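In what follows, a structure is listed as structure tokens, so that the remarks can point back to it.
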Amino acid sequence: MDMDYIVIGGGSGGSVMAGRLSENADVQVMLLEAGGRGDSWLVNTPAAAVAMLPTRINNYAFETVPQAGLNGRRGYQPRGKGLGGSSAINAMVYTRGHRSDYDHWAALGNAGWSYDELLPYFKRSENNGRIQDGFHGNDGPLHVSDLQTQNPFQQIYLNAAREAGFPINDDFNGATQEGLGVYQVTQRNGERWSAARGYLQPHMGQRQNLHVETGVQVTRILFEGRRAVGVECIQSGSKRVIRARREVILCAGAFQSPQLLMVSGVGPGAHLQQHGIEVLHDLPGVGQNLQDHPDFIFGYAAKSLDLMGISLGGTAHMAKETLTYIRTRQGFIGTNYAEAGGFLKTDPSLAAPDVQLHFVVGLVEDHARKLHAAHGYSCHVCVLRPKSRGQVTLAHADARQAPLIDPAFLAHDDDLETLLKGYKLTQQLMNAPALASVRHQDVFTAGVQTDDQIRHLLRERSDTVYHPVGTCKMGTDAMAVVSPTLQVHGLEGLRVVDASVMPTLIGANTNATVIAMAEKAVDLIR
Ligand SMILES: Cc1cc2nc3c(=O)[nH]c(=O)nc-3n(C[C@H](O)[C@H](O)[C@H](O)COP(=O)(O)OP(=O)(O)OC[C@H]3O[C@@H](n4cnc5c(N)ncnc54)[C@H](O)[C@@H]3O)c2cc1C
């Protein structure tokens with residue numbers, strides 16, 4: 001079967017690409033997704049994310065190589081598997097990054113990617129249920145709304161922020177990013193709004209020219225000379241070849257896009273040869289430049305049924321909340337867990353906030369892989385623009401095996417020092433009376449006092465807050481993988497459109513930006 005466009009991966013980037021390109025009835029678009037349909041209640045019900053985050057349900061659940069900066073521990077790297085990709089398992093926080101992030105991309109030589117040039121694509125994608133102003137869109141496919149949980153801990157958090165003297169912000173995506181507040185989320189009527197739900201699922205079975213196939217793992221991109229002409233994939237145990245007349249669009253995410261390029265012969269030549277892969281195009285930047293937000297979590301036990309926890313009272317409360325949710329889509333079950341947070345500067349002279357907080361209505365340890373019986377709350381703090389640079393390399397020439405993921409967390413001393421400052425700011429917030437008065441145990445930071453003790457704790461307990469980017473970076477230098485039009489350098493008929501093309505990590509959660517970038521990519525193609 002011949003297609004005009006083949007989109008590899010139905011995550012945040014891929015859903016936009018296939019959904020938008022198939023608006024033109026004259027082109028045949030095929031989307032190939034390794035996972036399932038991403039439309040179950042587990043995906044749609046926000047609180048059910050707690051079942052996916054620590055497990056292999058809709059999740060690749062990757063691990064990193066041992067991290068020297070984390071005292072030799074392996075990090076955890078959940079990644080969504082199924083339509084919607086990581087937007088089907090993520091925490092639904094809708095933030096976009098700071099104006100300066102995009103102006104920096106443009107200054108690096110990426111013409112067309114400044115904030116003012118990207119803003120129309122954020123707006124085109126967005127359907128914001130509350131805010132109507134020049135920064136927001138109100139009729140796009142991606143629903144963004146206020147939480148419907150009415151959790152009293154949102155107010156407790158805001159009161160603590162005021163007591164500690166931090167500015168309050170009720171729109172992190174408006175004129176000013178700095179401040180603390182309650183997040184808007186990618187939800188509609190209390191249900192998760194993944195990229196697939198916004199861009200793909202409404203058109204599946206409706207548009208004759210949109211062909212979405214799940215359970216199909218692409219194993220190789222096929223080339224004729226230097227032109228991508230199709231893909232080889234595995235479906236129900238059988239090998240299949242599908243050809244693309246116009247373009248192959250790679251949207252497999254920050255780990256699997258560079259991996260697929262490498263197993264297809266595109267990447268650092270010597271590394272490919274080590275794995276017996278014939279080098280089609282020696283492109284040294286593939287898999288390099290991995291950046292991710294290193295993150296530390298404060299955790300407190302607190303006796304409140306408004307907080308997630310395992311107890312008899314908690315079970316009865318959740319049963320009641322489940323009924324409320326079924327009837328009205330209100331209450332705890334609509335939680336994205338990371339209900340509040342915000343952006344702070346560790347030094348007032350900085351041009352942009354350099355740490356982000358996520359306040360969670362549950363006691364989180366090790367990505368919910370370690371459960372606590374107690375009810376409680378947590379607060380993440382992460383470094384927004386780490387200087388450490390990691391890489392994704394091949395463990396194997398077979399795309400079905402996990403790649404080697406090395407985020408190089410806290411490899412650069414400045415990242416540790418920024419996290420140390422972020423720790424102290426977050427501690428001020430956590431110790432403000434509104435929060436301090438409702439807890440009965442400091443689970444992770446009790447007795448930690450000196451800077452060296454804090455540094456040790458940060459290396460002992462930090463890990464990702466799930467925003468890997470940069471492994472097929474956009475640019476014009478020798479290590480760039482794609483051009484500012486997202487075409488793979490030196491090849492034809494092949495683009496990458498996902499988190500991997502960000503040249504530098506933005507200072508925010510990454511889903512909205514991947515979606516806006518894909519909206520722009522659609523304009524670059526059609
Ligand atoms: C646990 C978690 C929490 C997060 N929380 C937030 C948040 O609150 N807010 C926010 O903005 N961002 C958040 N993020 C980040 C955000 O969701 C991602 O940055 C974004 O979804 C990445 O989009 P992508 O298109 O690059 O990749 P993905 O959405 O990961 O999509 C890649 C897709 O490609 C498919 N694929 C891979 N290889 C193949 C292959 N060989 N063949 C076929 N298909 C393939 C995968 O199955 C997957 O569906 C979170 C991420 C995670 C994992």
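The values are calculated or read from the model by the stated rules, or taken from the named source; none is laboratory data. Remember, predicted model here, so these are calculated numbers, not experimental data. Virtual Cβ from ideal backbone geometry, glycine too; neighbours counted across all protein chains shown. Surface accessibility is based on the protein's heavy atoms, side chains included, excluding ligands, DNA and RNA. Shrake-Rupley method; radii C 1.70, N 1.55, O 1.52, S 1.80 Å.
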| On the accessible surface of the chain, probed at 1.4 Å, how many percent belong to carbon and sulfur atoms? | 50 percent
| said: If you restrict to DSSP beta bridges whose two residues both lie in the chain, what percentage is antiparallel, to the nearest 5? | reply: 70 percent
| remark: Rh_Kirkwood(the chain) over Cα pairs, Å, one decimal, evaluates to 23.1 Å
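By per-residue mean of other Cβ atoms within 10 Å, what is the highest-first order of 58-67, 255-264, 184-193, 430-439?
Values: 58-67: 19.1, 255-264: 27.2, 184-193: 22.4, 430-439: 16.9.
Output ranking for 58-67, 255-264, 184-193, 430-439: 255-264, 184-193, 58-67, 430-439.
Counting only helical runs of four or more DSSP H residues, what would the 222 nm mean residue ellipticity of the chain come to if each run contributes -39,500 (n - 2.57) and the total is spread over all its residues? Each step should come with its number before you reach the end.
Values: 14 runs with 137 residues, N = 526.
Mean residue ellipticity, 222 nm, calculated: -7500 deg cm²/dmol.
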| message | Need one word for region 55-178: rounded, prolate or oblate. Basis is the Cα gyration tensor (sqrt eigenvalues a ≥ b ≥ c); a/c below 1.5 gives rounded, then a/b vs b/c decides. | response | rounded
| request: Kindly rank 144-157, 452-465 from highest to lowest mean number of other beta carbons found within 10 Å of each residue. | output: 144-157, 452-465
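Rounded to the nearest 0.05, what FRET efficiency do LEU222 and GLU163 give with R0 = 56 Å and r taken as the Cβ-Cβ distance? Could you check?
Numbers: r = 61 Å, r/R0 = 1.08.
Efficiency at R0 = 56 Å is approximately 0.40.
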| Taking the mean number of other Cβ atoms within 10 Å as a proxy for protection, how do you rank 311-323, 30-42 from highest to lowest? | 30-42, 311-323
| said: How many angstrom lie between the Cα centre of region 1-75 and the Cα centre of region 444-458? | reply: 37 Å
| If each of LYS370 and ALA319 carries a label point 7 Å out from its Cα toward its Cβ, how far apart are those two points in nm? | 3.2 nm
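Can you tell me the accessible area per residue over the chain, all protein chains present, probe 1.4 angstrom, in square angstrom?
On the way: 18820 Å² over 526 residues.
Averaged over the residues of the chain, the accessible area is 36 Å².
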| ARG246 versus ILE326, label points 7 Å from Cα toward the beta carbon: distance in nm? | 4.6 nm
| Which links in LYS421/LYS473; LYS123/LYS520; LYS345/LYS387 stretch past 18 Å when you go from one Cα to the other? | LYS421/LYS473
